[in-house]
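Q: The structure that follows is given in the form of structure tokens.
The values are calculated or read from the model by the stated rules, or taken from the named source; none is laboratory data. Since the model is a prediction, treat every value here as computed from it, not as a measurement. Here the Cβ positions follow ideal geometry from the backbone for every residue, glycine too, while neighbour counts run over all protein chains shown.
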Amino acid sequence: MDAIGIVRDSQCRIDDYRIVQAIIRAGAEPREIISEELVLSTDREAIRSSIGEVGVVLARLQSGRMRYFLTRVAETSGYRVINTSSVQAYSRDKFLTYLVMTSSGVPSPTASFPLYVQQILGGSKKGVRRELFKRLAESAGRIVGGIPCVEKPIDGSHGRGVRMLRTEREVRESMGARSTMDPTMLQPFYDSPFEIRAVSIKYPGSEPEHLASIVKCATERGQTVRNLAVTGVPALVKRHKLIEKLEIAALKVLAPEHLDYLITGDDWTPARVPESEGERVRRCAKKLLPQFQQLKTSREKLTKLYRKLHRSLSSGTTERQLEEAESAHEKVALKFLKAGEHEEIESIVSSWLDSSPELLLLDVNDNQDFPNVRDLTQRRVEDDYAKIALAVSSLTSTRCRGK
């Protein structure tokens, strides 16, 4: 059996350590490549010498740009990579993702992207420039449904660079300050009390499969601007046919061919939620926040232990220590899940989903971190990563998918 290559940062996430452990449990050999130690050449054989003889590469770099670059280099050098560059392209370009998804029947936010504002207006006289700015701002505002709206980087993550625009003047100023090197787009402001994170997978030669979902809940109004996936409080939600239907439709766009493969964590936002239900969700999330902080503290301690013991994973003592630490952390997660607010949030969200609401695909995450999904659903997502790595590694074709 070929080794499984894992390219990761030296200070990586707990998920990456768990994936290594899962690959070992599956009977395969993980070959870890530390990104800071990797020096690439334009010589194909030199690259293959650096990465080694592996059946597939798991690209787990936290920088999206570096991950995409490494993936393209690996694919060009003859490796299969999870996830492929074609899948990563969707997470790196929100505007085109919304365009392609909407065209394929997958509901996504409306977005506005004025082209080259600075270049078009740079040579205009002051009065003409003011009038053109006004027209562009009005046009962009109409597309996204008016003010307030949200400006966000086309290639961004974790809420960085996202801001609320509350007046026409702010819209004009944002357009005037846009850089063609780091473009932004406008989209409607959804003051959602929660977002749904859905984890799904497609094995080569199989149909897409939805694995698990959680909700990330706001504790206050307007919090969606700061990215609920990062700032929200997680809560459990039962598997629902609407989420499964939408996820499968999205994965068929991301991986359209029979032998295509991927594993993603996608974020879905409600277009609207009744105000009374939204306030109940925020109130419950605020009550859950102290216990969630305890869960995060437990997770941080576990991560430190993984970092400390990771180099000596061949030791039986090390494995027992990690098992005991994982068991202790699981008890903290179960205590968090027993809080009554989870049941209330789940009831609200499930009833809302039963009403066949408008749910919009907000983000495609090709390099997801999944500790909240794992803690709340008790599903070992790292095992799913190991299984798809083994499945892709066993492909007889040497052609890189996703080119």
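Q: Of all residues in region 242-287, which are polar (S, T, N, Q) and under 16 Å from the mean Cα position of the chain (by Cα)?
A: Residues satisfying the conditions are Thr264, Thr269.
Q: Restricting to region 1-30, name every residue that is without any contact (Cβ under 8 Å) to a residue 60 or more places away in the chain and surrounded by 19 or more Cβ atoms within 10 Å (Cβ to Cβ).
A: Of everything in region 1-30, those that are without any contact (Cβ under 8 Å) to a residue 60 or more places away in the chain and surrounded by 19 or more Cβ atoms within 10 Å (Cβ to Cβ) turn out to be Ile6, Arg8, Cys12, Asp16, Pro30.
Q: Can you work out which of the residues in region 138-158 that are more than 30 Å from Gly64 (Cα to Cα) and either touching a helix residue (DSSP H, G or I) at 6+ places or on another chain (Cβ under 9 Å) or among the hydrophobic types (A, V, I, L, M, F, W, C) (or both) is modelled with the lowest pLDDT?
A: Step by step, filter region 138-158, then rank; the result is Glu138.
Quick grid of which residues meet (1) over 19 Å from the mean Cα position of the chain (by Cα); (2) assigned to a helix (DSSP H, G or I); (3) surrounded by fewer than 21 Cβ atoms within 10 Å (Cβ to Cβ):
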| site | (1), (2), (3) |
| --- | --- |
| Glu319 | yes, yes, yes |
| Ser327 | yes, yes, yes |
| Lys335 | yes, yes, yes |
| Pro357 | yes, no, yes |
| Val364 | no, no, no |
| Asp369 | no, no, yes |
| Val373 | no, yes, no |
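Q: Taking the conditions exactly as written (out of contact with any strand residue (DSSP E or B) (no Cβ under 7 Å at 6 or more places or on another chain) and either within 26 Å of Glu257 (Cα to Cα) or not in a loop (DSSP other than H, G, I, E, B) (or both)), does Lys245 satisfy them or not? Steps first, please.
A: On the way: out of contact with any strand residue (DSSP E or B) (no Cβ under 7 Å at 6 or more places or on another chain): yes; either within 26 Å of Glu257 (Cα to Cα) or not in a loop (DSSP other than H, G, I, E, B) (or both): yes.
Spelling it out, Lys245 is indeed out of contact with any strand residue (DSSP E or B) (no Cβ under 7 Å at 6 or more places or on another chain) and either within 26 Å of Glu257 (Cα to Cα) or not in a loop (DSSP other than H, G, I, E, B) (or both).
Q: I would also like to ask the following. Can you report the number of residues in region 198-226 which are among the acidic types (Asp, Glu) and in contact with a strand residue (DSSP E or B) (Cβ under 6 Å, 6 or more places away or on another chain)?
A: Count: 1.
Q: Of everything in region 301-313, what is at pLDDT below 80 and under 12 Å from Gln21 (Cβ atoms)? Give them in sequence order.
A: His310, Leu313
Q: Going residue by residue through region 202-223, is there one that turns out to be under 22 Å from Leu376 (Cβ atoms), among the hydroxyl-bearing types (Ser, Thr, Tyr) and in a helix (DSSP H, G or I)?
A: no
Q: Hey, among the residues in region 162-183 that are under 27 Å from Ala229 (Cβ atoms) and of a type in the set (Val, Ile, Thr), which one's modelled with the highest pLDDT?
A: Val162
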